[in-house]
Each structure stands twice: as structure tokens, then as C-alpha cells.
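Below: the structure, in C-alpha cells.
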Amino acid sequence: SWFHKDIVNPIEYVQRVTGFTYTTPVNYPKGTISGWEVEVRQDLGYFTDALTGLLLGANATLIDSNVVLPEEEAMAFAGPAIDVPITSRRMTDAPDYLYNLFMTYDIPETGTQIGVFYNFTGDTLIAGAGQSDGNFVPSVFQKAYGILNFTLSQEISEWLKLTFQAKNLTNPTYREVYAGPGVDREYLKKSFSLGIDLSLSLTARFTF
């Protein structure tokens, strides 16, 4: 599938400097976002009874986005104090690409469900470049990273279910960098490990 949106007054996040740097939302004049999405799912039980209940799937999204800067902001960037001419840029919170892989296994006879999910997010603009009193602050990007999750649920009775979840099994490193026009390379803003999250829950369902 292909998608396209023309956006009037999109809400964009930009940086400001007033003794310290902070991020604030601003309405830009206009923006566009478009892209392609491909998805496939296959029940392997279609080929052989031995694989009944096993489902594989994947999807990928390629995104192209653009916003036009307010005239006052563009003029400030192009001024002699900063001299970084920027009239448009990509949209915040719109990654270059996304892709997901998953496998689920459902065993109705035992009430068992197993799922493995891998999600990968491409580089994403978190906050656009900013300026204040001739000070230029480069754009902030979230670097690409992937997350692997696992889920196992087991029905104990007609109304009771036990679920185990393991998130971020690859324990990826989350990184934000200063990059884009106005800088010659990426500069690390912050970096930390997302950590592995384990949970065990017992749920009961009652019908009235």
C-alpha cells in the first residue's frame, strides 16, 4: 500500500535556548508525509498439519516526510550570525523506516499461546534545530534500534490465565545525537541501555 498526507499547521518539536536548552512544540506552516507499506502473513498449517497453529509474519514501512519552516525561523537560520540556511526538514517522530517480524504458535487443545516479536525503528528526528540570540542548536536524532519481545500465555482453567512476558531481550542501547545541517558529524547527546523487562501475571475473567 501507498499513503500520502498533506498537513496544515503540523505540530513540530524544536529547541530553544534561554540560558538552557529545552524542547517546545511549534505549529509549522505545512508538511507532507508519504510512504510505502508491505505486509505478509502466512499460516504454515496451510502446507502441513504438523505446523497447524504456527503463523509467521513481517511488515515494512518506508517513510518520506517534509515540513516547511516558519519564515521567521528560516530567516534567523540564514542570517549572518548562524549562516545555516534551512527552509525545510523532515518531520519529527517520523522514522526513515520501520520493520517488524513475528512468529506466533497457538495450541487450542492445551490453551497455550507463544509469540516472538522483533521490531526495528530507523533513525528518527526527535527535535528540530533551534536558535536564540545567535546561538544555533543542531537537530536531535534518535538512532536506529531493534527490540525483541517474547510472550507465553497458558490457560489454567476456563476463567484463569497465566502470562509471562520478556521485553527488550536484546537489551539495545538507546542513543540520541546532534546531527543534520550545521554540524560536520554526529555528536552524542545521551546514551543508555533500555534494559530487559520481565513480567509474570495471572488474570481472571468473569462473565456476568
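The values are calculated or read from the model by the stated rules, or taken from the named source; none is laboratory data. It should be emphasised that the depicted structure is a prediction, and the values quoted were computed from it without experimental measurement. Remember, those area values only see protein heavy atoms, side chains included, never the ligands or the DNA or RNA. Shrake-Rupley method; radii C 1.70, N 1.55, O 1.52, S 1.80 Å.
Worth a mention:
- Solvent-accessible ranking of 104, 203, 87, largest area first, probe 1.4 Å: 87, 203, 104
- Computed [θ] at 222 nm, deg cm²/dmol, the chain (DSSP H ≥ 4; -39,500 (n - 2.57); rounded to nearest 500): -1000 deg cm²/dmol
- Heavy-atom accessible area per residue - the chain, 1.4 Å, Å²: 61
- For segment 14-86 and segment 114-180, distance of Cα centres in Å: 14
- Karplus 3J(HN,Hα) series, Hz, for segment 201-208 with 6.51 cos²θ - 1.76 cosθ + 1.60 (x for Gly, Pro): 9, 10, 10, 10, 10, 10, 10, 10
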